[in-house]
1. Are there strands (runs of 3 or more DSSP E) fully within segment 133-212 with at least 1 residues that are in contact with a strand residue (DSSP E or B) (Cβ under 9 Å, 6 or more places away or on another chain) and closer than 30 Å to Ile75 by Cα? List them.
2. Could you look through segment 55-83, keep only residues that are of a type in the set (A, V, I, L, M) and touching an Asp or Glu at 6+ places or on another chain (Cβ under 7 Å), and pick out the one that is modelled with the lowest pLDDT?
3. Looking at Ile112, Ile75, Ile64 in this structure, which one is β-branched (Val, Ile, Thr) and in contact (Cβ under 8 Å) with a residue 40 or more places away in the chain?
4. Got a number for residues in segment 150-183 being crowded, with 23+ Cβ neighbours inside 10 Å and modelled with pLDDT under 90?
5. Taking only segment 78-118 into account, find how many residues are assigned to a loop (DSSP other than H, G, I, E, B) and either surrounded by 14 or more Cβ atoms within 10 Å (Cβ to Cβ) or not β-branched (Val, Ile, Thr) (or both).
6. Do we find a residue being assigned to a loop (DSSP other than H, G, I, E, B), open to solvent by 60 Å² or more (accessible area, probe 1.4 Å) and of a type in the set (A, V, I, L, M, F, W, C) anywhere in segment 233-252?
7. So how many residues does segment 98-119 have that are hydrophobic (A, V, I, L, M, F, W, C) and out of contact with any strand residue (DSSP E or B) (no Cβ under 9 Å at 6 or more places or on another chain)?
8. Quick check, is Trp123 assigned to a helix (DSSP H, G or I), among the aromatic types (Phe, Trp, Tyr) and at pLDDT 90 or above?
Amino acid sequence: MKFIKPTYEEILEKKIIKPIQSGFNIEQSDLNPALKPFQKFCVQKALKHGRFALFEAPGLGKTIQQLEWGTQVAIHTAKPVILVAPLGVIGQTIEEEAPKFGYQVKELHPAITKEALKGCLIWGINVEQLHNYLHLIDEFSGVILDESSILKNFIGQTKRLLLDVFKNTEYKLPCSASPAPNDLNEYGNHSEFLGVLDASDMRSKWFVREEGMNNYRLKSHAKSDFYAWLATWCVMFEEPSDIGFDEPSYKLPVLNLIEKQIKTPQRDNGKLYNDVSVNSTNLG
């Protein structure tokens, strides 16, 4: 048998770290009709991967997407999904958002038994109370991490708990409206949560360390490769057109800035500015 020497490009292709797709395929016609086309695309993609992240700007409907994702995972696995979110968010999701879109989300409480979990597809919990329900984690086939920017803290106790508790959970969906605005290391924490690549490995592969603790900079020649890697386990956009969907209702009108100058007489009070402010100390 003649040995065919691989090309340099083929060798590089084999070295690319790709996440394991543990998900399943579903037709868009089987998803909630309330979802817009770009939202169906994101849900379908997240279900196919099994472990996936949604990084979408505010107002693009992450809530309905994550609820649909959780519902489909629960039906597919015949096991419930847990929704982990901050206190204010979890209350709003359970009481307002879920009913509005036709979903049911119940809040976990100490009296819930393993048998009772079968009574609902999605169970919500405040992230601060997660440590009280560790005995139930194995009963969930998937986890939705809303406001997943909580993973940003590199050495945070909550971040470490989330990574450890859901390490073996098959389906994962972290959602955030502001991933890594000033710290690209946040992507590494999400990648580690999803089981794609450890944050330390990500830094050593695409970053160089500068002065200061945990201060890393993306290598200039590695930007293309880095963002191509991100695209294998997350979707990120500010408006639907960024991912190829024409949604006129999401296009904001042109912002017109009109500058007006208001002149006031200069007071001879020895101050740089006229003293026109009112505060709690000068109301009397």
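The values are calculated or read from the model by the stated rules, or taken from the named source; none is laboratory data. The shown structure was predicted, so the numbers you read here are calculated from the model rather than taken from an experiment. Neighbour counts are summed over all protein chains in view; Cβ atoms, including those assigned to glycine, are modelled from backbone coordinates with ideal geometry. Just the protein is used for accessible areas: all its heavy atoms, side chains included, with ligands, DNA and RNA removed. Shrake-Rupley method; radii C 1.70, N 1.55, O 1.52, S 1.80 Å.
1. Numbers: elements: 142-145, 171-176, 207-209.
It comes to 142-145, 171-176.
2. As a first pass, look at segment 55-83 and keep what is of a type in the set (A, V, I, L, M): 57, 60, 64, 67, 73-75, 78, 81-83.
If we keep only those that are touching an Asp or Glu at 6+ places or on another chain (Cβ under 7 Å) too, we end up with 57, 83.
Details: Ala57: 91, Leu83: 96.
Ranking the candidates gives Ala57 first.
3. Numbers: Ile112 fails: in contact (Cβ under 8 Å) with a residue 40 or more places away in the chain; Ile64 fails: in contact (Cβ under 8 Å) with a residue 40 or more places away in the chain.
Answer to the check: Ile75.
4. Residues in segment 150-183 being crowded, with 23+ Cβ neighbours inside 10 Å and modelled with pLDDT under 90: 2 in total.
5. Kept after step one, since they are assigned to a loop (DSSP other than H, G, I, E, B), are these residues of segment 78-118: 78-80, 86, 102-104, 108-115.
Adding the requirement that they be either surrounded by 14 or more Cβ atoms within 10 Å (Cβ to Cβ) or not β-branched (Val, Ile, Thr) (or both) leaves 78-80, 86, 102-104, 108-112, 114-115.
Here the count works out to 14.
6. First pass over segment 233-252, keeping only residues assigned to a loop (DSSP other than H, G, I, E, B): 233, 238-239, 244-247, 251-252.
This time we only want the ones that are open to solvent by 60 Å² or more (accessible area, probe 1.4 Å), so: 238-239, 244, 246, 251-252.
This time we only want the ones that are of a type in the set (A, V, I, L, M, F, W, C), so: 252.
Yes, because at least one residue in segment 233-252 is assigned to a loop (DSSP other than H, G, I, E, B), open to solvent by 60 Å² or more (accessible area, probe 1.4 Å) and of a type in the set (A, V, I, L, M, F, W, C).
7. Of all residues in segment 98-119, those hydrophobic (A, V, I, L, M, F, W, C) come to 98, 101, 105, 108, 111-112, 116-117.
If we keep only those that are out of contact with any strand residue (DSSP E or B) (no Cβ under 9 Å at 6 or more places or on another chain) as well, we get 101, 111, 116.
Counting residues in segment 98-119 that are hydrophobic (A, V, I, L, M, F, W, C) and out of contact with any strand residue (DSSP E or B) (no Cβ under 9 Å at 6 or more places or on another chain) gives 3.
8. On the way: assigned to a helix (DSSP H, G or I): no; among the aromatic types (Phe, Trp, Tyr): yes; at pLDDT 90 or above: yes.
Spelling it out, it is not the case that Trp123 is assigned to a helix (DSSP H, G or I), among the aromatic types (Phe, Trp, Tyr) and at pLDDT 90 or above.
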